[in-house]
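Inspection log for the structure reproduced underneath, given as structure tokens.
The values are calculated or read from the model by the stated rules, or taken from the named source; none is laboratory data. Keep in mind it's a predicted model, so treat the numbers as computed, not measured. Neighbour counts run over all protein chains shown; Cβ positions are idealised from the backbone, glycine included. What goes into the accessible areas is simple: the full protein's heavy atoms, side chains included, and nothing from ligands, DNA or RNA. Shrake-Rupley method; radii C 1.70, N 1.55, O 1.52, S 1.80 Å.
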Amino acid sequence: MYTVLFDIDGTLVNTGGAGKDAFRRTFQEDFRFTQLPDNVTFAGRSDRAIAEEIMLACNVEPTETNWNHFYSGYTKRLPHSLMTCQGTILPGVSTLLETLEKLDHVQLGILTGNVQQGAREKLRYYGMADLFEFGGFGDMRTDRNDIAADAQQAAIDFHKNHGGHQNGQGSPKIMVIGDTPNDVRCARSINAFAVAVATGGNTFQELAATQPDLLLQDLTEPTAIYKEVHSCSSNGAT
């Protein structure tokens, strides 16, 4: 069995800044921040890490109460932001997902810094919600490697609960597809096959410096991805 774990923002979709918009409105309207720090990096990070950094920069303690207050406001506002921001599914994504979904030995999951509800809203808005049944998310984690470990365990559990171990199959092999150096880093942390795609905020050269197993300009030519997942089936690996 082969698990392919996808990042969302910059890999599957470009939401046109919907997440940032919902962040901004939540902090301005619920926390009364008049101005947010302009040097906060969003790409490749967890929602929790980003929110806590903004809180600290604005002299608000990142307590569990304040996190829950932010979470409630953010997830409430995100659907509207998705509708008003000009977003799109990225090139090649729909065909790739459709092809992988048809392969009996492949299971699809999510590895994202989005909180789980935020990930669901984004996937639902772009018509992908039914393709992914498990993943790792940014609700409780601030480090991408910890999210990767959660996603790996979710893949193992899903595989086990759907008869994998009963059929004599071991833990699934894992591929991580993402658009930032942090996606490559977290793939390495769980010994996954790392695919970097230059459809987000990082350049092809910046991603090349992280030495992924596979580097693509976009997902319109996924032949090497198909070759890798098929190698798992052809050599009898599970």
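Structure values in brief
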read-out	value
Relative packing of 59-72, 137-150, which averages over residues the other C-beta atoms within 10 Å, highest first	137-150, 59-72
Relative contact order (percent, whole number), the range 97-183, Cα cutoff 8 Å, 6+ residue spacing	24 percent
The range 43-158 - accessible surface per residue (Å², probe 1.4 Å)	46 Å²
For peptides 222-230, 2-10, sequence by mean Cβ density within 10 Å, most packed first	2-10, 222-230
Mean separation of Cα contacts under 8 Å, 6 or more apart, over the residue count of the range 28-78: relative contact order %	32 percent
Lysine pair number, Cα distance threshold 23 Å (strictly under), the range 68-226, separation 8 or more or different chains	5
Other-chain or far-sequence residues with amide H under 5 Å of C85's (modelled H)	none
The range 39-111: C-alpha gyration tensor shape, a/c 1.5 cut-off, then a/b vs b/c	prolate
For the chain, average projected area of the Cα convex hull in nm²	12.6 nm²
The range 1-120, accessible surface, carbon-and-sulfur percent (1.4 angstrom probe)	45 percent
Three-way shape label, the range 141-222, alpha-carbon gyration tensor, a/c 1.5	prolate
Relative contact order for the range 25-159, counting Cα pairs under 8 Å that sit 6 or more residues apart, in percent	27 percent
J(HN,Hα) series, the range 214-225, from Karplus relation 6.51 cos²θ - 1.76 cosθ + 1.60, nearest Hz, glycine and proline x	8, 10, 10, 5, 7, 9, 7, 10, x, 3, 5, 5
For the range 83-148: rounded, prolate or oblate by the Cα gyration tensor [a/c cutoff 1.5]	oblate
Net charge contributed by nearby residues that have their C-beta within less than 14 Å of I50 (K/R +1, D/E -1)	-2
Helical mean residue ellipticity (222 nm; -39500 (n - 2.57) per DSSP H run of 4+; nearest 500) of the chain	-14000 deg cm²/dmol
